[in-house]
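Read through the structure below, which is laid out as structure tokens, and then see the notes.
The values are calculated or read from the model by the stated rules, or taken from the named source; none is laboratory data. Given the structure is predicted, the values throughout are model-derived calculations rather than measurements. Here the Cβ positions follow ideal geometry from the backbone for every residue, glycine too, while neighbour counts run over all protein chains shown. Surface areas here come from the heavy atoms of the whole protein model, side chains and all, with no ligands, DNA or RNA. Shrake-Rupley method; radii C 1.70, N 1.55, O 1.52, S 1.80 Å.
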Amino acid sequence: MRVKISYMLLFMLPFFSDAQTRQMTSSEISVFQQTLKESVQVKTLSADFVQYKHMNFIKQPITSSGKIYLKQPDRLSWSYTAPFQYRMVFRDNKIFIDDQGKKKSMDIGNSKQFEKISRLVSSSMRGGGYDEKEFTVSYLKKGDANMLKLFPKLQDIKKYIKEIVLVFSDKDTQVEEVTLVEPSNDYTRFILKNRKVNGQINESVFNL
């Protein structure tokens, strides 16, 4: 069960793009950091997503889609709706899983590894702040958009995630793309669509 959950967490987790990328200048970094401080604090987030899973042994990425809901401080609902149905809910220090009608749960209170990964996924989707003790941060420009690359320092995270890439919308400074790179260099890219920040989310979304 742990193997399957780890695999699905990585699904929720080198980045390639046609747009040219470059390092931000020191002044651009200062402006970007200030923009993040002044941006609307994300207390809730709902969005549709399209996921592209790239693996070294296949030419075309595996594409799937679904819905994500976030609610501070500890609610995360992640649902795949196509081409299969699979749902995970992180709530009350537990993982609840609905695998096409087969439901199970797992207590992650005693697993710092799963707890950190779930917090990491949630924080990445919000574009939230990052502790420099846990990450090395690289600031870049992707075309006109701002981009962050996060490199985990903690060994228990590095086992599963090599790099996280966040692309911020140049319209509202919110995260619109997340790429999670595995140690094998397989990677998963998420594109968030129809994002709604700080809207009402019914608590039933986080129940299975």
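Can you name the residue in region 173-200 that is of a type in the set (A, V, I, L, M, F, W, C) and open to solvent by 20 Å² or more (accessible area, probe 1.4 Å) and, of all such residues, is farthest from MET147 (Cα to Cα)? First the steps, then the outcome.
As a first pass, look at region 173-200 and keep what is of a type in the set (A, V, I, L, M, F, W, C): 175, 178, 180-181, 190-192, 197.
With the extra rule that they be open to solvent by 20 Å² or more (accessible area, probe 1.4 Å), the set shrinks to 191, 197.
Working: ILE191: 14, VAL197: 20 Å.
Looking at residues that are of a type in the set (A, V, I, L, M, F, W, C) and open to solvent by 20 Å² or more (accessible area, probe 1.4 Å), I get VAL197.
Which one of GLN100, GLN72 is of a type outside the set (A, V, I, L, M, F, W, C) and more than 20 Å from VAL197 (Cα to Cα)?
GLN100
Of the conditions (1) part of a strand (DSSP E or B); (2) closer than 28 Å to ILE58 by Cα; (3) modelled with pLDDT of 90 or more, TYR139 clears all except one; give me its number.
(2)
Of the conditions (1) within 30 Å of LEU208 (Cα to Cα); (2) touching a strand residue (DSSP E or B) at 6+ places or on another chain (Cβ under 7 Å); (3) modelled with pLDDT of 85 or more, VAL42 fails just one. Which one is it?
So the condition that VAL42 fails would be (3).
Which condition number does TYR52 fail, the rest of (1) modelled with pLDDT of 90 or more; (2) open to solvent by 70 Å² or more (accessible area, probe 1.4 Å); (3) not β-branched (Val, Ile, Thr) being met?
Every condition holds for TYR52 apart from (2).
Every residue, every condition in (1) modelled with pLDDT of 90 or more; (2) under 28 Å from LYS37 (Cα atoms); (3) open to solvent by 30 Å² or more (accessible area, probe 1.4 Å); (4) in a strand (DSSP E or B), yes or no:
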site: LYS59; (1), (2), (3), (4): no, no, yes, no
site: LEU70; (1), (2), (3), (4): no, yes, no, yes
site: PRO73; (1), (2), (3), (4): no, yes, yes, no
site: GLN113; (1), (2), (3), (4): no, no, yes, no
site: VAL121; (1), (2), (3), (4): no, yes, no, no
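Restricting to region 1-30, and then to whatever is surrounded by 13 or more Cβ atoms within 10 Å (Cβ to Cβ) and within 15 Å of LEU140 (Cα to Cα), can you tell me which residue is modelled with the lowest pLDDT?
The residue in question is PHE15.
Filter region 149-169 down to residues that are in a strand (DSSP E or B) and touching a helix residue (DSSP H, G or I) at 6+ places or on another chain (Cβ under 9 Å) and give me whichever is nearest to ARG195 (Cα to Cα).
If we take residues in region 149-169 being in a strand (DSSP E or B) and touching a helix residue (DSSP H, G or I) at 6+ places or on another chain (Cβ under 9 Å), then PHE168 is nearest to ARG195 (Cα to Cα).
Mind listing whichever residues of region 145-182 are at pLDDT below 85, closer than 23 Å to THR25 by Cα and more than 17 Å from the chain's Cα centre (by Cα)?
Residues satisfying the conditions are ASP170, LYS171, ASP172.
Under 9 Å between Cβ atoms, which residue pairs at least 6 apart in sequence (or on different chains) link something in region 180-207 that is over 22 Å from VAL42 (Cβ atoms) and in a strand (DSSP E or B) with a partner that is among the basic types (Lys, Arg) and open to solvent by less than 40 Å² (accessible area, probe 1.4 Å)?
Once the first residue is over 22 Å from VAL42 (Cβ atoms) and in a strand (DSSP E or B) and sits in region 180-207, its partners that are among the basic types (Lys, Arg) and open to solvent by less than 40 Å² (accessible area, probe 1.4 Å) give TYR187/LYS53.
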